[in-house]
Each structure stands twice: as C-alpha cells, then as structure tokens.
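Contents: one structure, followed by commentary.
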Amino acid sequence: MAFVIAAPCVADYSCVEVCPVDCIHPTPDEAGFDTAEQLFIDPESCIDCEACVQACPVDAIFDAARIPARYTDYVEHNAQYYRSVTP
C-alpha cells in the first residue's frame with residue numbers, strides 16, 4: 001500500500017482532482033460521496049506520485065510506511081474499504 005488517508009480527512013475532493021490514475025474514492029460522481037466521512041486510496045492502483053499529498057488541504061495523506069503512530073489503524077481501515085467494495 002502506497003498512501004493512506006487518515007483521520008484529519010474532511011472529504012474535500014482536492015486530492016481526487018489531482019490523482020492521475022483516479023485511485024481515490026468515492027469520487028463526487030460516485031454513490032456515497034455525499035455521506036462519506038473520508039476518502040480512500042486504492043492500494044492496487046496508486047502509483048506513488050504524491051500528487052494527493054500536496055493537494056490535501058488538511059495534511060491527512062501519508063505514506064503507509066511512514067504514517068504517524070496515532071493513525072496506523074487507518075492503514076487497515078483503508079484496505080478494508082477496498083475489500084468491501086471490490087467483488
């Protein structure tokens with residue numbers, strides 16, 4: 001897993017707009033965006049470009065290998081999101 005979105009996320013879609021491979025979900029045109037408490041990065045399609053990190057207005061995106069200790073649960077939380085939406 002390359003990058004993880006953690007607790008400070010406010011579901012602002014600035015990161016979605018800059019992602020060159022569309023790996024951040026839900027997007028504004030997907031079901032569930034209006035009620036999403038946070039966004040998630042698809043670990044399979046992320047290309048480690050860091051564009052989302054720069055675009056995040058609340059510094060909520062971290063390299064999974066260097067995520068602050070207080071947010072380590074979000075690595076699994078992110079992976080779980082993709083397990084639940086992938087058939």
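The values are calculated or read from the model by the stated rules, or taken from the named source; none is laboratory data. Worth saying up front: this structure is predicted, and the values here are computed from it rather than measured. Glycine also receives a Cβ, built like all others from the backbone with ideal geometry; neighbour counts cover every protein chain displayed. Keep in mind that these areas ignore ligands, DNA and RNA; they rest on the heavy atoms of the full protein, side chains included. Shrake-Rupley method; radii C 1.70, N 1.55, O 1.52, S 1.80 Å.
Averaging the Cα positions of each part gives two centres, and for region 61-79 and region 40-60 these lie 12 Å apart.
Within the set (1) 3, 15, 24, 22, 16, 10, 6, 3, 1, 0; (2) 3, 15, 24, 25, 21, 11, 2; (3) 3, 16, 29, 29, 18, 4, 0, the number that P(r) over Cα pairs in 5 Å bins from 0, in percent takes when calculated for this structure is listed as (3). Extension gain for Ser84-Val10 works out to 24.5 nm (0.36 nm per residue, less the C-alpha to C-alpha distance).
Between Ala65, Ala55, Ala11, the residue with the greatest mean-square fluctuation in the GNM of the chain (Cα pairs under 10 Å linked by springs) is Ala65. Net charge dipole, the chain: roughly 280 debye, given to the nearest 20, about the Cα centre with Cβ charges of +1 for Lys and Arg and -1 for Asp and Glu.
Quantify, in whole percent, the carbon and sulfur part of the accessible surface of the chain (1.4 Å probe; protein heavy atoms only).
Here carbon and sulfur together make up 49 percent of the probe-accessible area.
Per residue, the chain exposes 59 Å² of accessible surface when a 1.4 Å probe is rolled over the protein heavy atoms with every protein chain present. One chain, two ends: Asp73 and Ile47. Fully extended at 0.36 nm per residue, the span grows by 7.2 nm beyond their Cα-Cα distance. Modelled label positions at Val18 and Asp59, each set 7 Å beyond Cα in the direction of Cβ, lie 1.5 nm from each other.
Here the Gaussian network model covers the chain, with springs between Cα atoms less than 10 Å apart; of Thr72, Thr35, Thr27, Thr35 fluctuates the most.
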